[in-house]
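All remarks here apply to the structure that follows.
The values are calculated or read from the model by the stated rules, or taken from the named source; none is laboratory data. Just so it is clear, the model here is predicted, and its values are computed rather than measured. When we count neighbours, we look across all protein chains shown, and the Cβ atoms used for this are built from the backbone with ideal geometry, even at glycine.
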């Protein structure tokens, strides 16, 4: 079943508000036979909405935004007018809206009354976070229409209701699985997979490249076909498969350290705590994370990690020697089982011998130090984010006994 998601709002087109609806809705609908094939952003304008409706040819239309009480909130009225479906008062919604105002000890405005009107055949979705209920209805000889409020705090709790509705309505069983891959570029990975897609035509295989990692997502109507494609993929990509697609490098690392009862410490220069921030996003990090140091300056490297000033002068702070000295000093200071360090140039400043994007990393585990040197292209944020993923991957490989 093909789905078009239409996000309504001037604030989205102006860049004032970031539109995350497409990602959120796509994730909510996975595995029930609904596939988003188109995403649109439109202004709060009946002419613009009707113009798009005249040529959208999807089985399901999901609208977000434009359900408020103000005069420019006209999504529901415009869509129903286009499909020639009358709106009638939905008494339970009216009572819910009144209750919302009573809860805040405020009188209900007359403009809120229109939020309680829906097609008579609609399944109305309650909105405990606001005054704009959602709705699902079917246009005779036409598409299914879903109307949802724009604010994420109101929209997100409604998505499980939408998922259950269509899962029960269509009864389409979709099997899904996947892998998280790291340590290899997308183009190199695709070379390894040459011929795999054609060999498994009943399975949809989609790579989602992140910054330093790739999610491979598999879907199929056949469990046997899915398993066969997964096995074939694993045979080609095993050295780079870190875990299930829905997990993260940091989650896998915290899980593995917990299993082996090992501790971790990190010393970051260029990334200034980004590795540690990703680790502490994971529940249970406090059980394994011993210490984290941001040693951004040469003085900090000397003070906390005992890096010789002569080494910094001779090799510069951005060098493989200093990355190794950082991880050795970190291990001496903290006694953590697994230690990692990063130093590099994210830009715009650099030196003649080390251009912007030069990064050095080191990991120490069970007495052995492994290193990695890379030169990355991109802006400051991209380089720091990618470096963060690279070190997390190095750390995870070591405790998985997959270091090189």
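If a residue has to be more than 30 Å from residue 275 (Cβ to Cβ) and in a loop (DSSP other than H, G, I, E, B) to count, how many in the range 209-233 make the cut?
2
Go over the candidates 231, 227 one by one and state the one that is without any contact (Cβ under 8 Å) to a residue 12 or more places away in the chain, surrounded by 14 or more Cβ atoms within 10 Å (Cβ to Cβ), over 23 Å from the mean Cα position of the chain (by Cα) and not assigned by TED's automatic domain parsing to the domain that holds residue 289.
Selected residue: 227, the only one of 231, 227 that is without any contact (Cβ under 8 Å) to a residue 12 or more places away in the chain, surrounded by 14 or more Cβ atoms within 10 Å (Cβ to Cβ), over 23 Å from the mean Cα position of the chain (by Cα) and not assigned by TED's automatic domain parsing to the domain that holds residue 289.
Conditions: (1) over 28 Å from residue 181 (Cα atoms); (2) in contact with a strand residue (DSSP E or B) (Cβ under 7 Å, 6 or more places away or on another chain); (3) assigned to a helix (DSSP H, G or I). Residue 333 meets all but one. Number of the miss?
(2)
Just to be sure, is residue 296 assigned by TED's automatic domain parsing to the domain that holds residue 355, assigned to a loop (DSSP other than H, G, I, E, B) and at negative phi?
The answer is yes for residue 296.
Quick one: is residue 265 surrounded by 14 or more Cβ atoms within 10 Å (Cβ to Cβ), in contact with a strand residue (DSSP E or B) (Cβ under 7 Å, 6 or more places away or on another chain) and in a helix (DSSP H, G or I)?
No: the conditions fail for residue 265.
Please enumerate the residues belonging to the range 321-352 that are modelled with pLDDT under 95 and over 33 Å from the mean Cα position of the chain (by Cα).
351, 352
Let me confirm something: among 224, 228, 251, 265, which residue is closer than 18 Å to residue 395 by Cβ and out of contact with any helix residue (DSSP H, G or I) (no Cβ under 8 Å at 6 or more places or on another chain)?
Answer to the check: 251.
Considering (1) assigned to a loop (DSSP other than H, G, I, E, B); (2) surrounded by 14 or more Cβ atoms within 10 Å (Cβ to Cβ); (3) within 24 Å of the chain's Cα centre (by Cα), say which one residue 318 fails and leave the rest.
The number of the failed condition is (3).
So in the range 86-98, with the set limited to residues that are surrounded by fewer than 13 Cβ atoms within 10 Å (Cβ to Cβ) and out of contact with any strand residue (DSSP E or B) (no Cβ under 9 Å at 6 or more places or on another chain), which one is farthest from residue 76 (Cα to Cα)?
Selected residue: 95.
Got a sec? Which of 311, 396 is on the phi < 0 side of the Ramachandran plot, modelled with pLDDT of 95 or more, buried (at least 19 other Cβ atoms within 10 Å of the Cβ) and in a helix (DSSP H, G or I)?
When all the criteria are applied, what remains is 396.
Taking the range 133-154 as the region of interest, how many residues are closer than 19 Å to residue 77 by Cβ and touching a residue at least 40 places away in the same chain (Cβ under 8 Å)?
Residues meeting the conditions: 14.
Under 9 Å by Cβ, and 6 or more places apart or on different chains, what pairs join a residue from the range 77-96 that is over 19 Å from residue 63 (Cα atoms) with one that is exposed (fewer than 12 other Cβ atoms within 10 Å of the Cβ)?
Note: pairs meeting the criteria are 88/120; 90/120; 96/128.
For the range 281-317, give me each residue that is in contact with a strand residue (DSSP E or B) (Cβ under 7 Å, 6 or more places away or on another chain) and farther than 18 Å from residue 358 by Cβ.
Passing the criteria: 288, 289, 290, 291, 292, 293, 294, 304, 305.
Is it the case that residue 57 is over 27 Å from residue 114 (Cα atoms) and assigned to a loop (DSSP other than H, G, I, E, B)?
For residue 57, the condition - over 27 Å from residue 114 (Cα atoms) and assigned to a loop (DSSP other than H, G, I, E, B) - is met.
Take residue 12 and tell me if it is surrounded by 15 or more Cβ atoms within 10 Å (Cβ to Cβ), assigned by TED's automatic domain parsing to the domain that holds residue 153, part of a helix (DSSP H, G or I) and touching a strand residue (DSSP E or B) at 6+ places or on another chain (Cβ under 7 Å).
Yes; evaluated as a whole, the condition is true for this residue.
Against the condition on the phi > 0 side of the Ramachandran plot and at pLDDT below 95, how does residue 273 come out, does it pass?
Considered against the rule, which asks whether it is on the phi > 0 side of the Ramachandran plot and at pLDDT below 95, residue 273 comes out as no.
What's the number of the condition residue 369 fails, among (1) at pLDDT 95 or above; (2) touching a strand residue (DSSP E or B) at 6+ places or on another chain (Cβ under 7 Å); (3) crowded, with 17+ Cβ neighbours inside 10 Å?
(3)
Just checking, how many residues over the range 234-262 are surrounded by fewer than 23 Cβ atoms within 10 Å (Cβ to Cβ) and part of a helix (DSSP H, G or I)?
So the answer is 15.
Can you pull out every residue in the range 268-290 that is more than 24 Å from the chain's Cα centre (by Cα), farther than 14 Å from residue 384 by Cα and assigned to a loop (DSSP other than H, G, I, E, B)?
Across the range 268-290, the qualifying residue is only 288.
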